[in-house]
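Trainee: Let me begin by handing over the structure; questions about it come next.
The numbers here are math on the coordinates, done by the rules we state, and not lab data. Everything numeric in this text was worked out from a predicted model, so none of it was measured. Glycine also receives a Cβ, built like all others from the backbone with ideal geometry; neighbour counts cover every protein chain displayed.
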Amino acid sequence: MKITIDRERLAADFVRLCETDSPSREEGEIAALLQTMFVRLGADEIIEDDSAPATGSNTGNLIIRFAGNGALEPIFLNCHMDTVEPGRGVKVRRVGDIFSSSGDTILGSDDKSGIAAIVEAVRCLRERATPHRPLEVILTTCEEIGLLGAKSLDPALIRARIGYALDSTGFGTVITGAPAANRLEIKVRGVAAHAGLHPEWGVNAIHLAARGIIDAPLGRIDEESTVNFGTIQGGTATNIVPDLVTIHGEARSHNPATLDSLTREIEEAFARAVNRWQDPSGQAKGNPELTFIATPDFPAMRLDRNDPVIRLIEQAATAIGLPLEYKIAGGGSDANIFNGYGMQTAIIATGMTHVHSTDEQVDLEDMVRLTRLLIALLT
């Protein structure tokens with residue numbers, strides 16, 4: 001069965017979505033637009049969940065249902081509605097089939113290229129009354145700031161047990177694995193003192209934190225694992241011995257046991273730095289302290305080529321003659337959270353490139369091919 005995709009209609013929807021501001025926690029405008037679009041497509045049910053108080057967004061996640069043929073296994077398609085900054089006042093520039101921003105903002109193809117393809121795929125099926133699988137479209141908030149929408153979603157709202165997150169760069173790629181991550185908050189407390197009059201009274205928290213960073217694992221640990229310290233804050237003035245340093249970082253690994261081990265190693269490195277401190281003059285007005293908090297950020301995902309979610313997309317891609325490449329990724333996405341809920345979820349690349357930058361681009365032909373793949377998945 002060959003369905004003709006309206007390229008220019010897809011392009012127009014994509015531009016409209018990109019030019020609707022939706023920075024994280026401000027997805028209300030695009031959520032309203034999408035509800036209108038899916039109502040016009042004849043959605044059988046649209047749910048806005050109650051996640052907004054937990055995420056801080058001005059809207060909840062959206063779940064849109066199309067009943068389809070109940071004799072077929074249902075699937076879900078997932079995208080996130082939010083974008084990174086600078087993402088306000090986006091003006092899309094088109095040269096041939098290549099879309100970019102005007103240069104001073106991101107484009108928003110992350111993740112609106114996926115949303116546009118879903119809209120066009122559903123529209124094509126509805127226009128021709130083509131029988132298709134039951135479909136749930138899950139549109140989340142606050143993905144870019146910690147997968148907050150997916151984390152706050154009640155999985156009981158989702159009926160399908162397999163699905164696809166349309167959220168990766170390049171095209172023709174399916175992500176079958178991604179690491180788990182722990183978010184780290186490390187506070188090294190010292191003792192403040194005047195750096196010129198009484199430095200002996202103080203305990204320099206920056207010095208101790210530096211020793212901890214030097215001693216901790218960092219960067220690429222092995223082929224499955226990484227550690228990074230991303231921000232550091234401390235001190236108030238050059239003439240005051242700093243009494244507090246706060247470090248935010250992360251550890252990631254595809255192996256949960258390795259992740260636990262790395263997290264312990266990092267904590268032990270900072271504990272040694274604090275515990276080995278000595279007061280050379282005997283005049284310090286206190287002792288250093290360490291607070292170490294490791295919070296699970298997202299679980300690992302690992303899919304097998306024999307899993308139903310992978311077999312289905314292989315069949316769909318073969319039916320339309322689309323070669324696919326299967327990869328393991330280093331980042332986290334909503335798919336990690338859904339897999340953690342027991343819902344098999346693979347990640348499909350949408351064609352977007354140079355995301356999270358003002359050089360972001362996407363090719364219309366890739367969005368057309370993505371739409372064709374979605375139609376094959378649904379039929």
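Trainee: What FRET efficiency, computed as 1/(1 + (r/R0)^6) with R0 = 41 Å and r the Cβ-Cβ distance, is obtained for Arg40 and Tyr326, rounded to the nearest 0.05?
Mentor: Details: r = 36 Å, r/R0 = 0.87.
According to the calculation, E is roughly 0.70.
Trainee: Using the Kirkwood radius built from alpha carbon pairs, what does the Stokes-Einstein equation give as D for segment 222-379 at 37 °C and 0.692 mPa s, in µm² per second? Before the final figure, lay out the partial values.
Mentor: Numbers: Rh = 20.3 Å.
The estimated diffusion coefficient comes to 162 µm²/s.
Trainee: Roughly how many nanometres apart are two label points built 7 Å out from the Cα toward the Cβ at Arg311 and Gln233?
Mentor: Distance between the two pseudo-spin positions: 5.1 nm.
Trainee: What do you get for Rg/Rh over segment 245-326 if you use C-alpha atoms and the Kirkwood form of Rh?
Mentor: Ratio value, two decimals: 1.34.
Trainee: Among Val227, Val92, which comes first, then next, by fewest other beta-carbon atoms within 10 Å?
Mentor: Val92, Val227
Trainee: Now a separate question. Just to be sure I understand the model, the point goes 7 Å from the Cα along the line to the Cβ. What's the resulting Leu72 to Thr246 distance in nm?
Mentor: Modelled inter-label distance: 5.1 nm.
Trainee: OK, next. So how long is each side of segment 180-298 along the principal axes, counting just the alpha-carbon atoms, biggest first, in Å?
Mentor: If we take the Cα atoms of segment 180-298, the spans are 51, 24, 20 Å.
Trainee: Restrict the search to segment 1-93; then list the trypsin sites (Lys or Arg not before Pro) that DSSP places in a loop and that have at most 15 other Cβ atoms within 10 Å of their Cβ.
Mentor: Of the trypsin sites (Lys or Arg not before Pro), the ones in loops of segment 1-93 whose Cβ has at most 15 other Cβ atoms within 10 Å are Lys2, Arg88, Lys91.
Trainee: Another question, then. Using Stokes-Einstein with the Kirkwood hydrodynamic radius over Cα pairs, what translational diffusion coefficient do you get for segment 270-312 at 37 °C and a viscosity of 0.692 mPa s, in µm²/s rounded to a whole number?
Mentor: D, rounded to a whole number, is 212 µm²/s.
Trainee: Return the sequence-ordered ³J(HN,Hα) values of segment 39-51 in whole Hz as given by the Karplus equation 6.51 cos²θ - 1.76 cosθ + 1.60 applied to θ = phi - 60°, using x for Gly and Pro.
Mentor: 4, 5, 7, x, 4, 7, 7, 10, 10, 9, 7, 9, 7
Trainee: Quick one: dipole size for segment 180-298, taken about the Cα centre, charges +1 on Lys/Arg Cβ and -1 on Asp/Glu Cβ, in debye to the nearest 20.
Mentor: Dipole magnitude for segment 180-298 comes out near 340 debye.
Trainee: Restricting to the chain, what percent of DSSP beta bridges are antiparallel, rounded to 5?
Mentor: 75 percent
Trainee: Using Cα positions and a limit of under 17 Å, work out the aspartates and glutamates in reach of Lys91, with same-chain residues fewer than 8 apart set aside.
Mentor: Cross-link targets: Asp13, Glu19, Asp21, Glu29, Asp82, Asp104, Asp110, Asp111, Asp359, Glu360, Asp363.
Trainee: I've got another one for you. Would you kindly derive the ³J(HN,Hα) couplings of segment 225-241 from the backbone phi angles with the Karplus curve 6.51 cos²θ - 1.76 cosθ + 1.60 (θ = phi - 60°), listing them in order in whole Hz, with x for Gly and Pro?
Mentor: 9, 9, 9, 9, 9, x, 9, 9, 10, x, x, 10, 6, 5, 9, 10, 4
Trainee: How large is Rg over Rh for the chain, taking Rg from the Cα atoms and Rh as the Kirkwood inverse mean of 1/r across Cα pairs? Mind dumping the intermediate values first?
Mentor: Working: Rg = 24.3 Å, Rh = 22.6 Å.
Taking Rh as the inverse mean 1/r over Cα pairs, Rg/Rh reads 1.08.
Trainee: Which residue, Gly330, Ser281, Thr358, has the largest displacement toward the positive end of the dipole of the chain when charges sit on each Cβ (Lys, Arg +1; Asp, Glu -1)?
Mentor: Gly330
Trainee: Taking every pair of alpha-carbon atoms in segment 1-100, give the share separated by more than 19 Å as a whole percent.
Mentor: For segment 1-100, the share of Cα pairs beyond 19 Å comes to 55 percent.
Trainee: Once every DSSP H run of n ≥ 4 in the chain is given -39500 (n - 2.57) and the sum is divided by its residues, what mean residue ellipticity at 222 nm do you get, rounded to the nearest 500 deg cm²/dmol?
Mentor: Values: 10 runs with 119 residues, N = 379.
Counting only the DSSP helices, I get -9500 deg cm²/dmol.
Trainee: Also, quick follow-up: I need the phi-derived Karplus couplings for segment 18-34: 6.51 cos²θ - 1.76 cosθ + 1.60, θ = phi - 60°, integer Hz, Gly and Pro marked x.
Mentor: Whole-Hz 3J(HN,Hα) from phi for segment 18-34: 5, 8, 9, 4, 7, x, 3, 6, 10, 8, x, 5, 6, 4, 5, 4, 5.
Trainee: So between Ala210 and Gln283, what do we pick up on full extension, going 0.36 nm a residue minus the alpha carbon distance?
Mentor: Contour length minus Cα-Cα distance gives 24.0 nm.
Trainee: OK, next. With +1 on each Lys and Arg Cβ and -1 on each Asp and Glu Cβ, how big is the dipole of the chain about its Cα centre, in debye rounded to the nearest 20?
Mentor: 460 debye
Trainee: Would you list Thr231, Thr83 from fewest to most Cβ contacts within 10 Å?
Mentor: If I rank by nearby Cβ atoms, fewest first, I get Thr231, Thr83.
Trainee: Tell me the relative contact order for the chain as a rounded percent, counting alpha carbon contacts under 8 Å between residues six or more apart.
Mentor: Normalised by residue count, the contact order of the chain is 23 percent.
Trainee: Please work out the FRET efficiency for the pair Arg272 and Thr318, using the Cβ-Cβ distance as r and a Förster radius of 56 Å; give the result to the nearest 0.05.
Mentor: Between Arg272 and Thr318 the formula returns 0.50.
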